Amino acid sequence: MRLLIVSLFVITTLPAGAQEKIRSLTLSDTVRYVAIDRPGDFYAVTKSGQIQRFNKNGELTWLYKSENLPTLFDPRDGSRLFVYYRHDQHYEYLNPSFETTASYKIDSSFAIQPWLICPSGEYKLWILDKVDHSLKKIDIRAADVEVEVVIDSALIGSTEQFSTMREYQGFVFLLNPSEGIFIFNGLGKHLRTIPLSGIQSFNFLGEELYYLHGDTIGFFNLFTTEKRQIKVHPGSIDALLTDERMILFTTGTIDIFAFRP
C-alpha cells in the first residue's frame with residue numbers, strides 16, 4: 001500500500017479560552033500519562049499506579065489501583081481494557097469494572113526481550129523486541145507469527161527510546177518523545193516519521209492522528225497526510241479530544257472544554 005503524499009498545512013487559531021469551559025478538576029496524584037476510549041470516557045494513569053476513569057463531564061466513575069505502574073494502558077472501546085507490564089512481561093484484559101478477565105505472560109518464543117506491545121484486534125498483538133529491533137504481529141490463538149520485520153537501527157536508534165506503541169486504521173505507531181512519531185504499515189514497513197521533540201503521547205480522532213506540542217494541538221490525516229493545528233493555552237502536558245470535548249491536563253489538574261472538531 002502506498003501513502004498518498006499531499007503537502008497541505010492549515011493553522012487554526014482556536015485557544016482553549018475561547019471554548020466553553022465545562023469543569024476544572026484537581027487530582028490527588030501526579031499524572032504520568034492519559035488515555036481515552038472510543039465512547040469518550042477518559043483515563044488518567046498516575047505515578048502511584050492508579051487508573052482514574054472520568055466521563056465526558058469530568059465525573060470520576062471508577063478508580064483502580066495497580067500494584068505497579070502500567071507500561072502501557074489502552075482502554076480501546078471501553079469494554080475490554082488492555083494493560084501491559086514490562087517488568088514481568090505480562091498483559092491483562094480488564095472489564096469496565098477493572099476486573100481482570102484474562103492475564104497472559106508473553107511467550108519467550110515470540111520475542112527475546114519485548115520492549116513494547118499493543119493489541120491488534122481481539123486476539124493479536126504487535127511486539128517490539130529490544131534486542132534485535134524486530135517488529136512482530138502475533139496471532140495469540142494460533143500461536144503464529146503473521147508479520148516479522150527487523151527495523152533498521154539507523155532509522156530508530158535504540159528501542160529503549162520508544163515510550164508507547166499503538167495500532168490504528170491498519171497502521172502501527174511508535175513514539176520516541178525526543179524524535180517524533182514513527183508510522184509503519186500493516187506489514188511492518190516504515191512509511192514516514194512525524195519529526196517532533198517533546199511530545200508525551202498521541203491519539204486519534206476519525207482519520208486524524210493528533211498530539212499536543214507546546215501550546216499547539218497538531219493533526220495529521222493518515223490517508224491524505226494533510227496537517228492542521230489548533231492553539232491552546234500553554235502549560236498543559238497532554239490533551240485528549242472527542243467530537244464534544246477538549247480535555248487538557250497538567251501533572252495534577254484537568255480542564256474540560258466543549259469542543260467541535
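The values are calculated or read from the model by the stated rules, or taken from the named source; none is laboratory data. All of these numbers come straight from a predicted model, not from anything done at the bench. Every residue, glycine among them, receives a Cβ derived from its backbone with ideal geometry; neighbour counts consider all protein chains shown.
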Can you tell which of L69, L63 is assigned to a strand (DSSP E or B) and surrounded by fewer than 21 Cβ atoms within 10 Å (Cβ to Cβ)? L63
Among the residues of the range 147-191, what is the count of those that are more than 19 Å from Y84 (Cβ to Cβ) and among the acidic types (D, E)? 3
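Taking the stated definitions as given, is F82 closer than 18 Å to S163 by Cβ and either modelled with pLDDT of 95 or more or assigned to a loop (DSSP other than H, G, I, E, B) (or both)?
Details: closer than 18 Å to S163 by Cβ: yes; either modelled with pLDDT of 95 or more or assigned to a loop (DSSP other than H, G, I, E, B) (or both): yes.
So F82 fits the description; yes.
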List the pairs whose first member sits in the range 100-121 and is on the phi > 0 side of the Ramachandran plot, whose second member is not hydrophobic (A, V, I, L, M, F, W, C), and whose Cβ atoms are under 9 Å apart, counting only residues at least 6 apart or on separate chains? G121/E167
For strands (runs of 3 or more DSSP E) lying entirely in the range 101-204, having 2 or more residues that are crowded, with 18+ Cβ neighbours inside 10 Å picks out 114-120, 124-129, 134-139, 164-168, 171-176, 180-184
Among the residues of the range 240-251, are any under 23 Å from D37 (Cβ atoms), touching a helix residue (DSSP H, G or I) at 6+ places or on another chain (Cβ under 8 Å), assigned to a strand (DSSP E or B) and not basic (K, R)? yes
When you look at R141, is it in contact with an Asp or Glu (Cβ under 8 Å, 6 or more places away or on another chain) and of a type in the set (K, R), yes or no? no
